[in-house]
Amino acid sequence: MQKISNIVVFRNDRFGEFLLNIPAFAALKKGFPGARLVAVVNPYVQELANRIDCIDGIITFDNKNHSLGELLRFSKALRERRFDLGVVFNPSRELHVASFLAGIPVRVGYRRKLGGYLLTRTMEDRKHEATKHEVEYNLELAGLLGVKTDDTTLSLTIGRESSDVERKFALDAVDNIVTIHPWTSDPLKQWPVRRFFQLTKVLSAYPGIRIILVGQAQATLRSNELFLGLEKCAVDLCGKTTLVELAAILKRSRLLISGDSGPVHLASAVGTKTLVLFRNDIPGKEPKRWGPWGPGHTVIAKQSLMDIEVEEVLRKAKEVLGI
C-alpha cells in the first residue's frame, strides 16, 4: 500500500450512529501516524464532530438523495482534497460512487450498494445479524487496513459549554440532575410516553432530584401537552438545545433515562450512566448491537415495551442514584 497521509471517513447518518465510530476513527489515526483524518458528516452532526480529538477536518454532505449535479460537485470537491484512503462506514450508493469518482486510491467499505464494484477492499455486511456491538462492527471494518486500538471508549471534548449551559438554563445550583429523553425516531422502539410522564412525576418527588426533559424541536408540542403540570418538578428543554449543549447537560447529569436513541450514545461519550429501555425482538436492533457502550449502564429489554412497567424503571433508577 502507498504511504497514507490523507484519510477521509464517511459517516453522514444520525448523530448516535456517528458517535459509535469514534474508536474506529482513533484506530485509523493510530494505524497511520501523522495522517490527517477528515470526516464526511451530516451537517447537523458537524458541531459534535468538531469535539472529537482524532478528527482534523469536516466535510458536510446531507444524508439524502442528491441530484447528479450535486453528486458530481461533491466528488470533485473530494478529488481536489487528494485523499489517499477513504473508508465508507455507512454503505450508500452515492458515497461509493463519489469515492470512486474522486479517484481515492484505497476505498474501503461493505460489499453492498455497489461497494463490491466501486471499492478496492470490502467485507460482507453482517450487521443485521447483531452478533456484535456497532462499535465492534466499525472497528472490524477499519481492521481491513490492519489497524486497531486498545482504547475503545467514546470521547467528546466538552469544555466551556458546561458552564455556559449552567448559566443559560440556571443549573449551576443543581446537583442531582436526571435527564429523561422520552422520544425515539422509530415508533417501534417507543416506550409509552404516558409512562415517561408517570416516571417523571414519581422520580421528581424524591428530595434533591431535578428532572430535565430533552428532545428534538418536533417533540416540543408533544412535551407541552403530555407533561403539562410538571413545571415545578421538571425542566422542559425539548427543542431548546444544540447537540453540544445537550452533551453538556448530559455530562452534568447523574443519569439519562431513555429509549433506544442518539442521546444514549451521547451520554456514553461524556461519561454519564444511562438506563435504556429496549425491545429485544426486532432483528438487528437488539441492545447487543445498539445498547449503551461502556461500563456502568443499565438496560431493560423485553419482547414488548408494554411489558416494562414504570415501577421496574423507577427501581433501577433508584439503584443507580442510590436513593
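The values are calculated or read from the model by the stated rules, or taken from the named source; none is laboratory data. What you see is a predicted model, and the numbers here were worked out from it, not measured in a lab. Don't worry about glycine lacking a Cβ; one is built from the backbone with ideal geometry, like all the others, and counts go over all protein chains shown.
Specify which of the listed residues (Leu20, Leu72, Leu37) is in contact (Cβ under 8 Å) with a residue 24 or more places away in the chain and crowded, with 23+ Cβ neighbours inside 10 Å.
Values: Leu72 fails: crowded, with 23+ Cβ neighbours inside 10 Å; Leu37 fails: crowded, with 23+ Cβ neighbours inside 10 Å.
The match here is Leu20.
Which residue out of Phe32, Phe10 is within 30 Å of His181 (Cβ to Cβ) and surrounded by 15 or more Cβ atoms within 10 Å (Cβ to Cβ)? Can you show your working first?
Working: Phe32 fails: within 30 Å of His181 (Cβ to Cβ).
Only one candidate passes the filter, namely Phe10.
Counting only helices (runs of 4 or more DSSP H) wholly contained in segment 177-291, the ones carrying 2 or more residues that are modelled with pLDDT under 85 occupy 220-226. Beta carbons closer than 6 Å, at least 6 apart along the sequence or on distinct chains, pair a first residue in segment 174-192 that is farther than 11 Å from Ser258 by Cα with a second that is modelled with pLDDT of 90 or more and part of a loop (DSSP other than H, G, I, E, B) for Asn176/Arg254; Ile177/Ser253. Just a yes or no: is a residue in segment 137-160 more than 26 Å from the chain's Cα centre (by Cα) and of a type in the set (Gly, Ala, Ser)? No: zero hits. In segment 132-142, is there at least one residue being of a type in the set (Asp, Glu) and farther than 15 Å from Leu20 by Cβ? Scanning segment 132-142, I find no residue that is of a type in the set (Asp, Glu) and farther than 15 Å from Leu20 by Cβ, so the answer is no.
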